[in-house]
Amino acid sequence: MNLLVVGSGGREHAIAKKLVASKVVDRVFVAPGNDGMIADGIELLDIAISEHSKLIAFAQKEAISWTFVGPDDALAAGIVDAFEAAGLVAFGPRKNAAELEWSKDFAKSIMKKYRVPTARYETFSDFEAAKAYIEAQGAPIVVKADGLALGKGVVVAETVEEAVAAAQDMLLDHKFGHSGARVVIEEYLSGEEFSLFAFVNGEDFYLMPTAQDHKRAFDGDKGPNTGGMGAYAPVSHLPASVVEQSVVEIIRPVLKGMVAEGRPYLGVLYAGLIVTDEGPKVIEFNARFGDPETQVILPRLTSDFAENITDLLAGRVPNFTWLEEGVTLGVVVASAGYPLAYEKGVRLPEKTSGDIKTYYAGASFNTNQELVSNGGRVYMLVTTQGTVSQAQKTIYQQLEEQDTTGLFYRTDIGNKANQ
Ligand code: AMP
Ligand code: GLY
């Protein structure tokens, strides 16, 4: 069968690469993809994520069996609904189910209704009311733009002034455009964060290994929030009881709730969780795979990915199997300056082989067919080793040998697992 993946980043590279490896797959197309994917037998399509009708026309013409949707904005724009209306199958939630991600207010209301543990919150569209609430609650406190803001619409404020300034940026100064027309102001939670992913069809779900992202730009979790600078899976220092509790108190009730609301969930559900003294609580839901978590989770899948998704879509019980031993760890290499302004066009090191996989994100060919940087996050090196420290050694030795002039990476990915 022929498959289509929508998206262009490292996440989509990892998804498409796993699909290429399937014994039931003939061709894998990615729209629009990036040039770094080509060497892995992935075919690129020059169609933007937002061009639903062109994507649909392609899927019909090439008899695409199903389409895997990577990014949140496509889901929020209703790409799955558009495919369904054209009689096509897409793996991802419809717009009304993806609302779990594209409106923090909606996600919070579902959690409240179905008693899913999360930070206490209020939603505001009036700045004066938001300010009064912040002043009454005190700091630390968290201010979030309601809509999608590329992971950058969240301010964890240490002081009341900082929180008020964030609410002002969003509500009065429209710094996040429409996404900030409403803000969710929530209780600050402290604890270790992890990401829990599941493949979902309605109330049926299949957990993936736990993962931990590193969202801040610099070592020691300093600097601005980014899309994610590195990850590893599984997070084996998390007690199994925490994962079990997350399933019972969070994943099950939310999926049941979505069915009860007439918004059955299909696709990958991403729960961003924090382990508080009172147990795991939800920081956010995403309606898709995480990036960079996908690049460390999918290499651990030992079953046939395309067969698994085909079964799930057909309502059959998929037989997902995962590597039991060791750990998969990856470090993102980004353009110097990311997540703020950065240069493009930096020549990239050779693609790795053997133990270390390279997944590309912001990479494209220059006129000499050389791979150069073309985005914030550029590529990611990923390895599977016995322990986190072995994996760190493998990746960081490789990175030291590479010429990363004009690029940067964190040197402490996975350190929390070693503590
Ligand atoms: P989000 O985009 O909602 O995942 O938030 C980005 C980051 O902000 C999270 O990964 C957390 O580190 C932090 N954060 C969000 N909400 C809270 C909260 N209620 N308490 C503490 N930290 C938070
Ligand atoms: N790794 C964070 C995200 O994909 O949103």
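The values are calculated or read from the model by the stated rules, or taken from the named source; none is laboratory data. Since the model is a prediction, treat every value here as computed from it, not as a measurement. Note: ideal-geometry Cβ built from the backbone for every residue, glycine included; neighbour counts use all protein chains shown.
The single condition among (1) closer than 22 Å to Gly92 by Cα; (2) away from ligand 2 (no atom under 16 Å from the Cβ); (3) assigned to a helix (DSSP H, G or I) that Ala107 does not satisfy is (2). Out of Gln245, Gln212, Gln295, one residue alone is part of a helix (DSSP H, G or I), touching a residue at least 12 places away in the same chain (Cβ under 8 Å) and crowded, with 19+ Cβ neighbours inside 10 Å. It is Gln295. Residues in region 298-322 that are of a type in the set (A, V, I, L, M, F, W, C), out of contact with any strand residue (DSSP E or B) (no Cβ under 7 Å at 6 or more places or on another chain) and in a loop (DSSP other than H, G, I, E, B): Ala314, Val317. Total residues in region 111-122 satisfying the condition of being part of a loop (DSSP other than H, G, I, E, B) and crowded, with 17+ Cβ neighbours inside 10 Å: the figure is 4. Glu307 meets each of the listed conditions (1) at pLDDT 95 or above; (2) within 16 Å of ligand 1 (Cβ to nearest atom) apart from (2). Among the residues of region 242-258, is any out of contact with any strand residue (DSSP E or B) (no Cβ under 7 Å at 6 or more places or on another chain), of a type in the set (A, V, I, L, M) and within 16 Å of ligand 2 (Cβ to nearest atom)? No: region 242-258 contains no residue that is out of contact with any strand residue (DSSP E or B) (no Cβ under 7 Å at 6 or more places or on another chain), of a type in the set (A, V, I, L, M) and within 16 Å of ligand 2 (Cβ to nearest atom). Would you check if there is a residue in region 277-285 being outside any strand (DSSP E or B) and over 28 Å from Ala361 (Cα atoms)? Yes, the conditions are met somewhere in region 277-285. When region 225-242 is limited to residues that are within 12 Å of ligand 1 (Cβ to nearest atom) and more than 16 Å from Thr411 (Cα to Cα), the one that is nearest to the chain's Cα centre (by Cα) turns out to be Gly227. Out of Glu192, Glu162, Glu187, one residue alone is surrounded by fewer than 15 Cβ atoms within 10 Å (Cβ to Cβ) and over 17 Å from Gln295 (Cα atoms). It is Glu187.
Considering each residue of region 123-144 in turn, none proves to be among the charged types (D, E, K, R), in a helix (DSSP H, G or I) and in contact with a Leu (Cβ under 8 Å, 6 or more places away or on another chain).
Among the residues of region 43-86, those that are closer than 26 Å to Glu101 by Cα, out of contact with any Lys or Arg (no Cβ under 7 Å at 6 or more places or on another chain) and in a loop (DSSP other than H, G, I, E, B) comprise Ala48, Ile49, Ser50, Glu51, Ala77, Ala86. Selection of region 255-283 for residues being farther than 29 Å from Gly315 by Cβ and of a type outside the set (S, T, N, Q) yields Ile274, Val275, Asp277, Glu278, Gly279, Pro280, Lys281, Ile283.
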